[in-house]
Amino acid sequence: MTSLIRDIFLNVSLSITIITLWKFFSQKNINSDFYQKSSMALAGILSILLCLLFPLDFYEKFDFHFLHIPIGIIGLYGGGAVSSIMFMVAFPLVFLFADRLELAIILLVCQTVVNIIMSNYFLKWKTNMKIVIGTLLTTVISVILLATLIVQNPGDNSIVNFALGILCLQIISVAFYFYLIETFKVTQVSRESLIKAEKMQGLYHLAAAFGHEIRQPLTISKGMLQLLTEGKWPADKQQEFLLASIAEINRAEKIIKNYQIFAEPYPSKTERFDLVNEIQQVINLIEPITDMTNIQIQSNLSAAWINGDKAKVEQCLIHICTNAMEAMESGGRLTIRSKNINGKSVIEISDTGIGMTKKQITRLGEPFFSLTDQKGTGLGMMVVFRIVESMGGKLEIDSEVGKGTNVKIIFTENDSDQGLDSIINPIHKAGKDYSILE
């Protein structure tokens, strides 16, 4: 009896394991019908082999196989193609392993035909009906087999008890298998809906933010042009209105350009260069501004080579340095370093400005999030994240309110020309693909 109970639990455990693995691997490529059918057929074949290799041995009187359970369950979900494949695999194996050969073959043929006919209807039913009808269609084979055993062994109460026990166990197990599969399906649908909702939310956020930001310069420009059409303003005022209108149009153009940079794939043309030269060019560009704002620049530059786009790297550095200078309105110190650590090229930019909270750091790179509401649009850092990601790098940002901010750009020399295929949701990822140092 101990051996019988062990074999029962072994069959149930193996079936649950195979169903779980089947549903797990079938989610790898949910859009491919061939992949789905193939995974079903493979799970069915494996289940058939295991059921035949580990039968229930009833006091060495006969062997009872759970063969019809995987054929019934996977056949109903897989349809005609999967049922036919399992039939072609099971048919020769029945000759080798099954007792009562004629009955086993008849039941195998009947079950395959029922699966092919019922599968299309089965897949359209609701979950509860699938569980009930699927369990009945699958366990009816057990009823026939067990009834045959009782008829062939009249008066043997042990066989009657065995048959009733096996039948109850199979009904519970098969119902649980159907419930497990339907739960996997519901979970998969829920996950797909959640992913779609997140993507749409990101699109709504981007559209709303872009519309809000682009409307302001266009409205101002429109107002200035309307004033010009009135013809009652002196020449100097008309010139002022015209220049203000051009300035607002340029601002709108810059916003659009930043979005285009963020959206377009990273150019495939790259070159190997030393970061020191690009950093020095940026320092030369910002020195006139720092002289007027009482900001001291300190640099400590060591050779650090990467593969990438010089202009894009320079653009990133200008954005970060500009943010640092804006954070030091009353003056301070801007420190720029470059170095090579364990094959990684590192640029470190530090300031002694107002600093940021951790919450503010996590929002860096989001469209139109800016610490300087009057001056910034937030698009600069969004572009920085995009460019650094596209060159295989990452940002590490450490900041403390009242003390300043330290930004590290880390490039891996051999991976700096990789593409952007891994970026799925740039709106949210731009604000999260970096680490906050404690």
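Quick notes on this one:
- Residues that are surrounded by 13 or more Cβ atoms within 10 Å (Cβ to Cβ) and part of a helix (DSSP H, G or I) within the stretch 286-295 comprise Ile286, Thr290, listed in sequence order.
- In the stretch 74-129, residue farthest from Glu182 (Cα to Cα) [restricted to those that are buried (at least 16 other Cβ atoms within 10 Å of the Cβ) and in contact with a Phe, Trp or Tyr (Cβ under 6 Å, 6 or more places away or on another chain)]: Thr112
- Among the residues making up the stretch 162-175, a single one is free of Cβ contacts under 8 Å to residues at least 40 places away in the same chain and either closer than 16 Å to Ile71 by Cα or of a type in the set (S, T, N, Q) (or both): Ile171.
- Summed over the stretch 154-192, residues that are closer than 25 Å to Tyr77 by Cα, at pLDDT below 80 and loosely packed, with under 14 Cβ neighbours inside 10 Å total 3.
- Qualifying position, being among the hydroxyl-bearing types (Ser, Thr, Tyr), part of a helix (DSSP H, G or I) and under 29 Å from the mean Cα position of the chain (by Cα), among Ser173, Ser142, Ser193, Ser158: Ser193
- Note on the stretch 13-60: residues that are at pLDDT below 70, surrounded by 14 or more Cβ atoms within 10 Å (Cβ to Cβ) and over 30 Å from the mean Cα position of the chain (by Cα) amount to 1.
- Candidate set from the stretch 331-347 (those that are within 14 Å of Thr412 (Cα to Cα) and among the hydrophobic types (A, V, I, L, M, F, W, C)); member that is modelled with the lowest pLDDT: Ile341
- Sole exception among (1) within 30 Å of the chain's Cα centre (by Cα); (2) under 18 Å from Cys316 (Cα atoms); (3) among the hydroxyl-bearing types (Ser, Thr, Tyr); (4) modelled with pLDDT of 80 or more for Ser350, by number: (1)
- Taken over the stretch 130-153, the criterion of being farther than 15 Å from Ile73 by Cβ and among the hydrophobic types (A, V, I, L, M, F, W, C) is satisfied by Val143, Ile144, Leu145, Leu146, Ala147, Leu149, Ile150, Val151.
- Contact map, the stretch 149-160: first residue touching a residue at least 12 places away in the same chain (Cβ under 8 Å), second residue polar (S, T, N, Q), Cβ cut-off under 9 Å, separation 6 or more or different chains; pairs are Ile159/Gln152; Ile159/Asn153.
- Lone qualifier among Glu198, Glu182 - being closer than 30 Å to Ile255 by Cβ and part of a helix (DSSP H, G or I): Glu198
The values are calculated or read from the model by the stated rules, or taken from the named source; none is laboratory data. Please read all numbers here as calculations on a predicted model, not as lab measurements. Don't worry about glycine lacking a Cβ; one is built from the backbone with ideal geometry, like all the others, and counts go over all protein chains shown.
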